[in-house]
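Structure first, then comments.
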Amino acid sequence: GDSVTQKQGQVTLSEDDFLFINCTYSTTTYPTLFWYVQYPGQGPQLLLKVTTANNKGISRGFEATYDKGTTSFHLQKASVQESDSAVYFCALVSNSAGNKLTFGIGTRVLVRP
Amino acid sequence: GGIITQTPKFLIGQEGQKLTLKCQQNFNHDTMYWYRQDSGKGLRLIYYSITENDLQKGDLSEGYDASREKKSSFSLTVTSAQKNEMAVFLCASRTDSGNTLYFGEGSRLIVV
């Protein structure tokens, strides 16, 4: 079946640091890839998605490239702010899974002022 | 814009009790989901429904029932609450084209 791996459980940064969150995936068909962000006390919300291999998604200063060769979808941001503190989930939906999204375990990002 | 409303925000029950969580959406989306969120385990799918009166089991359906009597509502029942089931339960609905999920704020289950 489909799977998504996020290796980092927590990342702690200072404001203006570079953010990199690792995400790799496994599926037998062509997925759509997502990053969701969950702020404290809220449900997850879509940050960005990419439907086509080798394309990049960009939103609110975050970017992620759908790399079919390395089966990766790493999230980056050049300069983080305290307001970026949240949990970030990588996810995919594939043609074989129908309506089911598969999520990674999430990476908690803490940005210190 | 639409909204997903989950009630109650906190549900406290005793071990062995049957407990129900409710979810309403006004997006008019066909597909709705219940996920369980545990720290360090991400979001795991319990049940989903692609239309009124449809139910599909997810990876974590044992110990849960679901009901989709109306398009706008989707409820989840914990059939016999256990202390190891304390978690946040998230309801979501999905756009009819595009695969984007919209989540509610979550309901926290506390078993005493």
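The values are calculated or read from the model by the stated rules, or taken from the named source; none is laboratory data. Keep in mind that what you see is a predicted model, and the values were worked out from it rather than measured. All Cβ positions, glycine included, derive from the backbone under ideal geometry; neighbour counts span all protein chains shown. Quick note on the areas: whole protein, heavy atoms, side chains included, nothing else; ligands and nucleic acids left out. Shrake-Rupley method; radii C 1.70, N 1.55, O 1.52, S 1.80 Å.
Go through B:37, B:6, B:24 for me and flag whichever is within 17 Å of residue B:108 (Cα to Cα), touching a Leu at 6+ places or on another chain (Cβ under 6 Å) and in a strand (DSSP E or B). Only one candidate qualifies: B:37. You will find that of B:62, B:69, the residue that is away from chain A (no Cβ under 11 Å), more than 25 Å from residue A:107 (Cα to Cα) and at pLDDT 95 or above is B:62 and no other. Taken together, the residues in segment B:40-67 that are closer than 30 Å to residue A:6 by Cβ and either surrounded by 14 or more Cβ atoms within 10 Å (Cβ to Cβ) or touching a strand residue (DSSP E or B) at 6+ places or on another chain (Cβ under 9 Å) (or both) amount to 19. With respect to the stated conditions, residue A:64 fails to be among the hydrophobic types (A, V, I, L, M, F, W, C) and open to solvent by 10 Å² or more (accessible area, probe 1.4 Å). Scanning segment B:68-104 for residues that are assigned to a loop (DSSP other than H, G, I, E, B) and surrounded by fewer than 16 Cβ atoms within 10 Å (Cβ to Cβ) yields a total of 8.
Candidates are the residues of segment A:78-105 that are within 11 Å of the chain's Cα centre (by Cα) and open to solvent by less than 10 Å² (accessible area, probe 1.4 Å); the one that is farthest from residue A:6 (Cα to Cα) is A:92. Inside segment A:39-49, residues that are surrounded by 11 or more Cβ atoms within 10 Å (Cβ to Cβ) and over 11 Å from the mean Cα position of the chain (by Cα) make up a count of 5.
Matching residues to (1) of a type in the set (Gly, Ala, Ser); (2) touching a residue at least 40 places away in the same chain (Cβ under 8 Å):
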site	(1), (2)
B:15	no, yes
B:37	no, yes
B:50	no, no
B:69	no, no
B:101	no, yes
B:106	yes, yes
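Checked against (1) in contact with a helix residue (DSSP H, G or I) (Cβ under 8 Å, 6 or more places away or on another chain); (2) under 22 Å from residue B:39 (Cβ atoms), residue A:29 passes all but a single condition, namely (2).
When A:66, A:30 are checked against the criterion of being over 10 Å from the mean Cα position of the chain (by Cα) and touching a residue at least 60 places away in the same chain (Cβ under 8 Å), A:30 stands alone in meeting it. Of everything in segment B:72-112 that is among the charged types (D, E, K, R) and within 14 Å of chain A (Cβ to nearest Cβ), the residue that is farthest from residue A:41 (Cα to Cα) is B:96. Residues that are outside any strand (DSSP E or B), of a type in the set (Gly, Ala, Ser), open to solvent by 20 Å² or more (accessible area, probe 1.4 Å) and touching a residue at least 40 places away in the same chain (Cβ under 8 Å): does segment A:6-20 have at least one? Within segment A:6-20, one or more residues are outside any strand (DSSP E or B), of a type in the set (Gly, Ala, Ser), open to solvent by 20 Å² or more (accessible area, probe 1.4 Å) and touching a residue at least 40 places away in the same chain (Cβ under 8 Å).
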